Amino acid sequence: MQKKILWMGLAIMLASSLQVNAQEAKQDMAYKRWFVGSTFLMLGNFIPNDENPPGYIQINAGYRISPKDVIQFRFKRSQYAWPLGIPFGPDFDAPGLNYPGHARILAPQIGYQRFWWKGVYTSVYVLNAFEKYMDENKKKIGNGFTLYTDFYLGYQFEFFKGRFFFEPAIGISYWPLRTGVPDSFKAVEQKWNNYFIQPGLDFGFKF
């Protein structure tokens with residue numbers, strides 16, 4: 001009798017375990033979604049700025065490998081004429097504080113995003129920026145490379161049954177490696193830090 005009870009108990013435990021595993025597998029499959037998106041920061045391209053137009057483009061693509069883990073790829077292109085470490089405020093893009101020219105960047109990026117509670121997440125990205133430096137006459141004066149690491153804390157809001165999302169965040173960008181910067185550009189940026197606090201306003205579509 002005791003053996004029968006033992007075997008029945010083991011069978012119930014095994015069945016329960018298989019059911020839980022099936023539910024978890026089903027849940028994981030529901031979260032294994034590709035997504036594409038961009039950022040609302042591109043709206044800055046529509047702000048009139050004849051001297052330093054940003055020409056900012058960002059494309060995001062990623063895969064949610066589990067309910068809490070996301071691998072993401074980004075591609076950025078932009079143009080800037082101000083020192084990277086200069087903070088938002090009266091000094092940003094102010095006369096006399098900008099570069100004697102501008103830089104253009106092409107930057108592929110890979111990142112990892114972790115969801116902790118509901119829509120709260122943290123993320124880390126590594127960005128390789130290939131830069132072309134132009135003087136005030138728009139003549140090329142050099143090429144450079146900057147390695148960025150970006151860290152974000154944000155929240156993901158979902159809409160239309162989770163198909164669309166919006167991720168407001170606060171982040172910090174830090175560049176431990178920067179090479180090929182022309183001396184005239186270095187003279188302007190040496191007074192500023194090698195990090196920058198910035199917002200994140202990504203959005204996207206899951207499929």
task = From (1) of a type in the set (K, R); (2) under 12 Å from the mean Cα position of the chain (by Cα); (3) over 30 Å from F159 (Cα atoms), pick out the condition that doesn't hold for R104.
result = (2)
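Rundown of residues vs (1) of a type outside the set (S, T, N, Q); (2) assigned to a strand (DSSP E or B); (3) more than 27 Å from M134 (Cβ to Cβ); (4) at pLDDT below 90, yes/no style:
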| position | (1), (2), (3), (4) |
| --- | --- |
| G162 | yes, no, yes, yes |
| F165 | yes, yes, yes, no |
| G171 | yes, yes, yes, no |
| W175 | yes, yes, no, no |
| Q198 | no, yes, no, no |
| L201 | yes, yes, yes, no |
| G204 | yes, yes, yes, no |
task = Could you tell me which numbered condition W116 fails, if it satisfies all but one of (1) more than 20 Å from R77 (Cβ to Cβ); (2) under 16 Å from the mean Cα position of the chain (by Cα)?
result = (2)
request  = Would you please name the residue that is farthest from A107 (Cα to Cα), looking only at residues in segment 138-160 that are at pLDDT below 95 and in a loop (DSSP other than H, G, I, E, B)?
outcome  = F160
message = Whether any residue in segment 76-93 is surrounded by 13 or more Cβ atoms within 10 Å (Cβ to Cβ), touching a Pro at 6+ places or on another chain (Cβ under 8 Å) and farther than 18 Å from L201 by Cα is what I want to check.
response = yes
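The values are calculated or read from the model by the stated rules, or taken from the named source; none is laboratory data. Only a predicted model underlies this, so the values are computations on that prediction, with no experimental measurement involved. No Cβ is skipped: glycine too gets one built from the backbone with ideal geometry, and neighbour counts run over all protein chains shown.
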